[in-house]
Structures are given as C-alpha cells and as structure tokens.
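For reference, the structure is listed below as structure tokens.
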Amino acid sequence: GVLLQHIKEHQLHCDIKENDNVFYFTTCGWMMWNWLVGALSAGATILLFDGFPMYKKDDLLFEFASQEKVTLFGISAKYIDALNNKKVIPKNNYNFPKLRTICSTGSPLSKDGFKYIYKNIDKLEIK
C-alpha cells in the first residue's frame, strides 16, 4: 500500500519521470527519506542533503540544486521563511533550467513563503 501511494504521489501529483533528478532536504530518519527513495521506482535519480542547509552560505541548497539540475526540489517551510527573512534571492546566483516542481514540507507554507518562492527562486508561472 505504501509503495503504491508513493508511486501515485510521485508520478501523478509531482510529475516525476525517468531521468529526473529529485532532491530533498531531509534526514534519513524523517519520513521524507522513504518518500525520496520511492522516486527510484519512476527511474529518477535521487539526491539527498542531510545537514545544516546554510553551512557557510545561505543559499547552499540552491547551489547544489543548480549544479545537479534538479527537476523536483523539496525543502521545508521553515527554510523558506529563513531565506525570506535574510532577503536571499537564489535566482540572482543560480539557474534552474529543469526545475518543474518545488515541494514544501514540515509545516504549512505561509502566504509570504509562496510569494517568496515565485518571486525569488525561479521564473515560475503560477498555475
């Protein structure tokens, strides 16, 4: 049941496809690790960052996401709030040519968090 739920979420809800690069900021002890591993069933490559997301630079995760050409970028609402408070603008320093989906977990994303993502991360269209 759980694997089928993951496949549904990955392929229908998140549009994860073969050869995608799925990146999640999580730990191996949190349930999002299991969700991330499930993306392998779609033929995607998975990328994990387990550590302090602002180690030596506030936009470290975005540097990694840009270098690895991620298609799905999973982060926490708290991280988005921290970036917003520090006025970090990732799109000024990095390109995300294949990014299609940003997932936010851990807590509900605030209205300001949504605005921050659309304004500062990439030239995404609100659908």
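The values are calculated or read from the model by the stated rules, or taken from the named source; none is laboratory data. No experiment lies behind these values; they were computed from the predicted model shown. Note: areas computed on protein heavy atoms with side chains; ligands, DNA, RNA excluded. Shrake-Rupley method; radii C 1.70, N 1.55, O 1.52, S 1.80 Å.
Computed over the chain with a Gaussian network model linking Cα atoms closer than 10 Å, the most mobile of Cys14, Cys28, Cys103 is Cys28.
Under a Gaussian network description of the chain, with springs only between Cα atoms under 10 Å, the residue in Asn34, Asn21, Asn92 that fluctuates furthest is Asn92. Ordered from largest to smallest accessible area (heavy atoms of protein chains, 1.4 Å probe), the residues Asp58, Asp20 come out as Asp58, Asp20. Checking the table Lys56/Lys98; Lys56/Lys115; Lys98/Lys119; Lys91/Lys111; Lys78/Lys111; Lys56/Lys87 against a 24 Å threshold on Cα-Cα, which pairs fail? Long pairs (Cα-Cα over 24 Å): Lys56/Lys98; Lys56/Lys115. Here's how it looks for Ser76: its modeled amide H is under 5 Å from those of Thr105, which are all 5 or more places away or on a different chain.
In the set (i) 1.01; (ii) 1.67; (iii) 1.21, the label that goes with Cα Rg over 2.2 N^0.38 Å computed for this structure is (i). Helices in the chain, meaning DSSP H runs of at least 4 residues, each add -39500 (n - 2.57). Divided by all residues, the mean residue ellipticity at 222 nm is -9000 deg cm²/dmol. For the chain, modelled as a GNM whose springs connect Cα atoms under 10 angstrom apart, the maximal fluctuation among Gly43, Gly29, Gly74 occurs at Gly29. Computed over protein heavy atoms with a 1.4 Å probe, the accessible surface of the chain works out to 59 Å² per residue.
Residues in segment 44-53 carry Karplus couplings, in order, of 8, 8, 10, 10, 10, 10, 10, x, 6, x Hz; the curve used is 6.51 cos²θ - 1.76 cosθ + 1.60 with θ = phi - 60°, and Gly or Pro positions show x.
Were the residues from Leu4 through Asp112 laid out at 0.36 nm apart, the gain over their Cα-Cα distance would be 35.5 nm. Split the accessible area of segment 1-97 by element, probe 1.4 Å, and carbon with sulfur accounts for 54%.
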